[in-house]
Amino acid sequence: MRTAVYPGSFDPVTHGHRDIVERAARLFDRVIVAVGDNPRKKQLLPVDVRVDLLREELAHLENVEVDQFSGLLVDYAKSRDCAIIIRALRAMSDFDAEFQMSVFNTELFPGIETLLLMTDKQYFYLSSSMLKELSSQGGDISRWVCPKVAEALAAKLKDEV
Ligand code: ADP
């Protein structure tokens, strides 16, 4: 069985992420969407909320599982018997960071492969951080996220004020 892991912060999940998972789910028998719980990275939504929102967003995909992990991605991938990492490429700046990460991951886990999927052109400029900014300024983000995500973000940002 061919399994791929798609790691990320997903803070929050957007239609761009969903598009990548839908495409990956057609390429692999099983896709594990792995939400990173990294205390060193400041996130707006707690990891369990990010996981729940992803589960809702991806409920229509039978061969997709949503999980969370902490520590090194390569250790998590090994623990799940998986040697393929999926990431997505948007702007030029993504390439540099992804290349660097894939080199380090291969050093740590020889044989692990990173597959980069091209972001669909309609999501090329979409990022979770931009949506958080827009939402915090009262902008309507409903065309880029599902309603539950928009609600969760608005509620959280209101709490923070
Ligand atoms: P990380 O902090 O690990 O980069 P993100 O949640 O920002 O976590 O991204 C996870 C993965 O999803 C990355 O490979 C990223 O390039 C990809 N991604 C982010 N935004 C989009 C988008 N709009 N369309 C497609 N893929 C995206």
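Yes or no: the range 58-77 includes at least one residue that is assigned to a loop (DSSP other than H, G, I, E, B), more than 10 Å from the ligand (Cβ to nearest atom), aliphatic (A, V, I, L, M) and exposed (fewer than 13 other Cβ atoms within 10 Å of the Cβ). Yes; the residues of the range 58-77 include at least one that is assigned to a loop (DSSP other than H, G, I, E, B), more than 10 Å from the ligand (Cβ to nearest atom), aliphatic (A, V, I, L, M) and exposed (fewer than 13 other Cβ atoms within 10 Å of the Cβ). Residues in the range 78-94 that are part of a helix (DSSP H, G or I), surrounded by 14 or more Cβ atoms within 10 Å (Cβ to Cβ) and modelled with pLDDT of 95 or more: Lys78 only.
Candidates are the residues of the range 18-54 that are more than 27 Å from Leu108 (Cα to Cα) and exposed (fewer than 14 other Cβ atoms within 10 Å of the Cβ); the one that is farthest from the chain's Cα centre (by Cα) is Arg26. There is at least one residue in the range 102-110 that is within 16 Å of the ligand (Cβ to nearest atom) and among the small types (Gly, Ala, Ser).
Entry remark, the range 91-122: residues being more than 19 Å from Tyr76 (Cα to Cα) and touching a residue at least 60 places away in the same chain (Cβ under 8 Å) number 3 in total.
Within the range 129-161, being in a loop (DSSP other than H, G, I, E, B) and under 20 Å from Glu56 (Cα atoms) holds for Ile141, Ser142, Arg143, Trp144, Val145, Cys146. Scanning the range 13-33 for residues that are more than 10 Å from the ligand (Cβ to nearest atom) and under 18 Å from Leu73 (Cβ atoms) returns Ala24, Phe28, Arg30, Val31, Ile32. Is it the case, given these coordinates, that Ser136 is of a type outside the set (Phe, Trp, Tyr), modelled with pLDDT of 95 or more, surrounded by 16 or more Cβ atoms within 10 Å (Cβ to Cβ) and more than 10 Å from the ligand (Cβ to nearest atom)? It is false that Ser136 is of a type outside the set (Phe, Trp, Tyr), modelled with pLDDT of 95 or more, surrounded by 16 or more Cβ atoms within 10 Å (Cβ to Cβ) and more than 10 Å from the ligand (Cβ to nearest atom). Among the residues making up the range 91-124, those that are of a type in the set (Asp, Glu), over 17 Å from the mean Cα position of the chain (by Cα) and farther than 18 Å from Arg80 by Cα are Asp96, Glu107.
Within the range 123-136, residues that are farther than 18 Å from Arg90 by Cα have Cβ atoms under 8 Å from residues that are within 11 Å of the ligand (Cβ to nearest atom) and assigned to a helix (DSSP H, G or I) in no pair, counting only partners at least 6 apart in sequence or on another chain.
The values are calculated or read from the model by the stated rules, or taken from the named source; none is laboratory data. Just so we're clear, the structure is a prediction, and the values are computed from it rather than from any experiment. We place every Cβ from the backbone using ideal geometry, glycine too, and count neighbours over all the protein chains shown.
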